[in-house]
Amino acid sequence: MTLLSVEDLTVRFPSRFGELTAVEGVSLSIGPGEIHGLVGESGAGKSTIGAAVIGLLPHPGYVAEGRLRLGETDLRALSPRAAHRLRGDRISMIFQDPQTSLDPLMTVEEQLIETMQAHSDISRRAARERAVDLLEEIGIRDAESRISSYPHQFSGGMRQRVVIALALCTDPELIIADEPTTALDVAVQSQVLALIRRLADERGIGFLLITHDIGVIAQVADRVTVLRGGKVMESGATRQVLGQPAHDYTRDLMDSVPPIDRRLERFRVPGEGGGGARHAQDDRPAAQARRWLTAEGETEPVGLSLDEVTVRFAGARRGLWTREAPFVALDGVSLSVRPGSVLGLVGESGSGKSTLAKVITGLVSPASGQMSLGGEALPAAKARPRGHAARRLIQMIFQDPFSSLNARHDVGRILGEPLWLYGLEPDAKRRRALSAAMLDLVGLPADAIDKYPHQFSGGQRQRIAIARALLARPRFLICDEPTSALDVSIQAQVLNLLKDLQSLFGLTVLFISHDLAVVRQLADEVAVMQSGKLVEAGPTDQIFERPRADYTRDLLRLTPVMPAEWRAA
Amino acid sequence: MLDYIRRREGLWLFTRSPAAMIAALATVVIVGGALLAPWIAASNPYDLSTFSLIDGLKPPAWLPGGDPEFLLGTDDQGRDMISSILYGARLSLLIGLMAMLIATLLGVGLGLLAGYFGGWVDAVVMRVADVQLALPAILTALLIDGIARGVLPTALHQELRVPVLTLAIALSLWVNFARTARASVMVEKNKEYVQAAMMQGQHPLRVMGVHILPNILGPLLVIMTVDLASAILLEATLSFLGIGLPADSPSLGTLIRIGMGFLLSGEWWILWVPTAFLVALVVSINILGDFLRDLFNPRLR
């Protein structure tokens, strides 16, 4: 028996440039109690399918062709009123961000009761009773008193549970979950995924699980549909599709997913150079950039060490004379990065990873502690003069390639800035030539130099950011989640590029990430942080194979991955 | 600065907004007329030899007793209304523009500093702004005019009436710019491109001017248009109250004040013509400001 059947669904978005087909000829079906994963990279049409099913396509999109049936109901034939009644009653939705999908001015109780009363003739008291039961069922302890709290009084994971309770409170047959765990840390993510699995098994609810994370799909989905550019590439049982992909695209996609259980020397990425640094035949501009970085610059690797670094942020003002206790972002962190090696720094959000990067770059000043770079003391924040050598030697690649480049400057200007600022190249023409050469080295076309950042994709922007960092001739590179905003195939390319550049120029790298699998691919050593403290540090293989700290073990255990035995021999 | 696609997008939206098109047309006609006043006006209201008392109090041309030479009539001195208005608009626009530009420089500069450095710089600038906001604009203008009257010799004060008036208006408008700039800077400051520039050790003034400023121009441009309208209105108010420009160098506000005297005596056009003109100018500029806001705020599209 099928619960939801989608046949030949085509969704179009008319615009003044003509009609854009977002989804084309997609068919899938979901049975009761089945979790159907929908994977694909950004722009693949995953969310659009979800929105079409629930009837909330963003204006001006419309369903051009195809049949959508929920049980015996034809979803396309419904009147707006009937569709409105059906939404929330028979189909519910879980959104990505629990911060914004709850009304901050209403208590959880009011939101749950409101939803229930909107769909069934139920008294306030009965609705409240049901709400408490529901919250308890999905794992909120002490629900009787917690129910009258406001959303901000719950943690992120708890809030997502409340969102799920909200989706559940009308006993829907089908729930569309759009990236339900993307905003959550691994530990919470694994609990939420377990909850979704349990609801499917015990209540027989069908789930359409939209995600970009292959690990999540592998962990909970029964069946999976792989999308690309609005078309179905492959569909079938999860184990079959992920373990023995039949379609080329699925195979490429699976090759791009970093495995957590072993280190790949390079990702297999189709296309020139596999997304890595351009090979330096002598006639290529890339060769010039490479010569400039190696022959003319310093090549001795430098190490970095932190000794008992503590950072406190002043607490919020309570009254005229009183403040809350300061927030300790880093608590006596000591670590060292060997010259020419890659140190992976992992931890959940709020663990102090980014603060550590800011201390090293001199944006945040520590309350106490010492730093040294290449054996010389490294002054902190305000004590580090504007012209200090470390300002050039330490460069950083940021997480969000959409905000790390000045949108009002063209690429030539962005890249020329470090050359000019550090006095590396006084001649404007030569600055431009070097910038162009660097673009070639990181694998961008020559005409990129006259364009503006918004004309590039996320991966290309990240390459520009890498080129900008390299043009300072750094010796120490901090990468703060450089791939977490990118699609997995783009991530594979950027990781290849970083690997190439690191080994070519003997860079010392601090690689910050919440994604253990990515860190494993790159790092020689790994340091694990939790709420401002260093939990464990050691060689990568040791941390991944024989973790000593419980926290590290939990992180490894809870990270969703595809079981190794699925992979066909 | 706006790249090609943005510009095309803007033009496209423009053609879909008739209000914006009419407003733009009206603004161009008024500003163009004011700029070209010495060449297109029939007489020069500052030059006694170009008009005569005999032509005084003539109604608009289409009314009985009207003279086709004076299309919108004349005032009691025999000055052609159209000429007076064109010359008046010239003064009003000059004062409005200058006041707006001074307010922009002052406000954006202080707002950048306050937003970027925070701490006591922020506290000082914003408290001063709060005090400024508590004073009505007219009071500020009266205050400055009064001080200027007291400090400067009478002859010099008469000569400096336009700069003094401009300064008074600018001082009552800068707070808007400072607040907007500060709020935008505080958002931009935490973006990674600014962090990157700070991390590289760029000078704070460079970070503010080269990196942050171009990225907050959108909202500032909107305020500039809206405040241009406010400045023109404020000048008219002050002149109407007699604190602004004297009757021998009339701005739009002065013309309206003169017209007030004839409101009940039948020569209504002396009041209503310049008033309608002022309203048309201010409404057009405000509509353009709204349009700009929509243009820079993709969420409102």
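Each reported figure results from applying straightforward, stated rules to the coordinates on display, with no laboratory input. Since the structure is predicted, the reported quantities are computational estimates derived from the model, not experimental observations. So basically every Cβ, Gly included, is an ideal-geometry build from the backbone, and we count neighbours across all protein chains shown.
Below, the figures for the structure above:
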| quantity | calculated |
| --- | --- |
| Three-way shape label, the range A:101-171, alpha-carbon gyration tensor, a/c 1.5 | prolate |
| Members of A:Lys358/B:Lys189; A:Lys429/A:Lys451; A:Lys353/B:Lys191; A:Lys499/A:Lys533; A:Lys358/A:Lys451 lying beyond 23 Å, as alpha-carbon distances in this model show | A:Lys499/A:Lys533; A:Lys358/A:Lys451 |
| Debye intensity ratio I(q)/I(0), log10, chain B, q values 0.11, 0.13 Å⁻¹ (C-alpha model) | -0.77, -0.99 |
| The range A:81-130 and the range A:175-249: distance between their alpha carbon centers, rounded to Å | 25 Å |
| Number of partner chain Cβ atoms within 10 Å, mean per residue of A:396-403 | 4 |
| Exposure proxy order (Cβ contacts within 10 Å, fewest to most) of A:Asp400, A:Asp554 | A:Asp554, A:Asp400 |
| Inter-label distance for A:Glu144 and B:Thr275, nm, one decimal - labels placed 7 Å from Cα along Cα-to-Cβ | 7.2 nm |
| A:Leu56-A:Asp201 pseudo-label distance in nm [points 7 Å out on the Cα-to-Cβ vector] | 2.9 nm |
| Net charge of Cβ neighbours under 15 Å - reference A:Leu209; Lys, Arg +1; Asp, Glu -1 | -2 |
| 15 Å beta-carbon shell around B:Ala89, net charge (K/R +1, D/E -1) | 0 |
| Local net charge near A:Ala237, Cβ-Cβ under 14 Å (Lys/Arg +1, Asp/Glu -1) | -1 |
| Cα centroid separation - the range B:171-211 against the range A:383-433, whole Å | 18 Å |
| Between the range A:26-65 and the range B:116-169, the Cα center-to-center distance that results, in Å | 61 Å |
| DSSP bridge pairs, chain A: antiparallel proportion in percent, nearest 5 | 55 percent |
| Residue range of chain A that is longest and free of GluC sites (Glu not before Pro) which are both DSSP loop and sparsely packed (at most 11 other C-beta within 10 Å) | A:325-569 |
| Computed E for A:Lys429/B:Phe117 - FRET, C-beta separation, R0 35 angstrom, nearest 0.05 | 0.45 |
| Charge dipole (debye, nearest 20) of the protein assembly as shown; +1 at Cβ of Lys and Arg, -1 at Cβ of Asp and Glu | 1260 debye |
| MRE, 222 nm, helices only [DSSP H, n ≥ 4, -39500 (n - 2.57), over chain A, to nearest 500] | -10500 deg cm²/dmol |
| Sites A:Ala246 and A:Asp307 - FRET efficiency at Förster radius 45 Å, r taken between beta-carbons, to 0.05 | 0.25 |
| DSSP loop chymotrypsin sites (Phe, Trp or Tyr not before Pro) with at most 11 other Cβ within 10 Å: longest gap in chain A | A:18-320 |
| Point-charge dipole on Cβ atoms (K/R +1, D/E -1) for the range A:343-477, about Cα centre, debye to 20 | 320 debye |
| Potential extension, A:Ser372-A:Ala325 segment - 0.36 nm per residue separation minus Cα distance | 14.0 nm |
| Spin-label pair A:Thr182/A:Ser155, simplified geometry with 7 Å Cα→Cβ offset, distance in nm | 2.3 nm |
| For residues of A:411-423, the mean tally of beta carbons on other chains within 10 Å | 2 |
| The range A:283-359 - percent relative contact order, Cα under 8 Å, separation 6 or more | 28 percent |
| Viscosity 1.567 mPa s, 4 °C: Kirkwood-radius Stokes-Einstein D of the protein assembly as shown over Cα pairs, µm²/s | 40 µm²/s |
| Sum of -39500 (n - 2.57) over DSSP H runs of 4+, divided by residues of chain B (222 nm, nearest 500) | -23000 deg cm²/dmol |
